[in-house]
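Below is one structure, written out as structure tokens; the observations come after it.
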Amino acid sequence: DAKTTQPPSMDCAEGRAANLPCNHSTISGNEYVYWYRQIHSQGPQYIIHGLKNNETNEMASLIITEDRKSSTLILPHATLRDTAVYYCIVRVLGTNAGKSTFGDGTTLTVKP
Amino acid sequence: ETGVTQSPTHLIKTRGQQVTLRCSSQSGHNTVSWYQQALGQGPQFIFQYYREEENGRGNFPPRFSGLQFPNYSSELNVNALELDDSALYLCASSQPGGVTEAFFGQGTRLTVV
């Protein structure tokens, strides 16, 4: 699996959009970008994934650059409950979802 | 909440002892993975079980071992505990092939003193 690079921490004001970047410059053509988050003292929770097109679900939006070397997870209206560690992972779709390689992630703090 | 349950939630052991952690997978999921998460770090893959057989292993020594039972629940055993084994141990259940995502339990916090 390709390696990812994320900033260690970010702050965001409540109600504003949180934009979390991820660099994955060595991503392969068949690797997808996945995002998880881990709220304090809980297990990681799947958020969203994508290959090359932008994706949106009820939790977030994922923007992947045209060269696929980086992506941004967007939480459109951050709330205090979005305070968590966010992990960006790349993995071949179809490989076992249980075998993921996590980095150290980005700690997002949403402030009132 | 996911349907993955882990027990116990917290545990304190002495260096050199052995420990067994347990995980019940989400209904319909036949694959269980175990992760170790040290404080301030991301989860590290220990191993995975599929159909009661080990199906991949991370960079962990043999004193980390596991079992999977016919009902797909699983155990993680750690022998000869070391202080560095203190961590949050996470269990994740999934279907093989990765079409659906893995669902994680709340974890077991192990402290070795």
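The values are calculated or read from the model by the stated rules, or taken from the named source; none is laboratory data. Computed from a predicted structure; not experimentally measured. Here Cβ is always computed from backbone atoms with ideal geometry, including for glycine, and neighbour counts include all displayed protein chains. These accessible areas exclude ligands, DNA and RNA; they are computed on the full protein's heavy atoms, side chains included. Shrake-Rupley method; radii C 1.70, N 1.55, O 1.52, S 1.80 Å.
Key figures
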quantity: Region A:40-112: relative contact order in percent, alpha carbon pairs under 8 Å with at least 6 residues between; calculated: 22 percent
quantity: Distance between modelled label sites at B:His10 and A:Met10, nm, 7 Å Cα→Cβ extension; calculated: 3.3 nm
quantity: For A:Ile48, residues with placed amide H under 5 Å, excluding near neighbours; calculated: A:Trp35
quantity: Whole-Hz ³J(HN,Hα) from phi, Karplus 6.51 cos²θ - 1.76 cosθ + 1.60, for region B:101-113, glycine and proline x; calculated: 7, 7, 10, 9, x, 7, x, 10, 8, 9, 10, 10, 10
quantity: Neighbourhood net charge (11 Å Cβ-Cβ; Lys/Arg +1, Asp/Glu -1) for A:Gly29; calculated: +1
quantity: Computed lengthening from A:Asp104 to A:Lys52, 0.36 nm per intervening residue step minus Cα-Cα distance; calculated: 16.3 nm
quantity: Straight-distance crosslink candidates among aspartates and glutamates, where the alpha carbon sits under 13 Å from A:Lys52 and sequence neighbours closer than 8 are dropped; calculated: A:Glu31, A:Glu66, A:Asp67
quantity: Rg over Rh [alpha-carbon atoms, Kirkwood Rh] for region A:28-112; calculated: 0.96
quantity: Cα centre as origin, Lys/Arg/Asp/Glu Cβ charges: region A:1-70 dipole, Debye; calculated: 120 debye
quantity: For chain A, built as a Gaussian network whose Cα springs stay under 10 Å, the top-fluctuating residue of A:Ala84, A:Ala13, A:Ala60; calculated: A:Ala13
quantity: With all protein chains modelled, accessible area of B:Asp84 [1.4 Å, Å²]; calculated: 130 Å²
quantity: Reach of B:Lys13 by Cα under 29 Å, taken over lysines that are not fewer than 8 positions away in the same chain; calculated: A:Lys99
quantity: Normalised contact order of region A:1-97, rounded percent, pairs of Cα under 8 Å and 6 or more residues apart; calculated: 37 percent
quantity: Anchor A:Lys111: aspartates and glutamates whose Cα lies under 14 Å away (excluding residues fewer than 8 positions away in-chain); calculated: A:Asp11, A:Glu14, A:Asp82
quantity: Tensor-based shape of the protein assembly as shown (alpha-carbon gyration tensor, a/c under 1.5 rounded, otherwise prolate or oblate); calculated: prolate
quantity: Accessible area in square angstrom per residue, the protein assembly as shown, 1.4 angstrom probe; calculated: 49 Å²
quantity: Most fluctuating residue given options B:Gln68, B:Gln36, B:Gln18, as computed from a GNM of chain B linking Cα atoms under 10 Å; calculated: B:Gln18
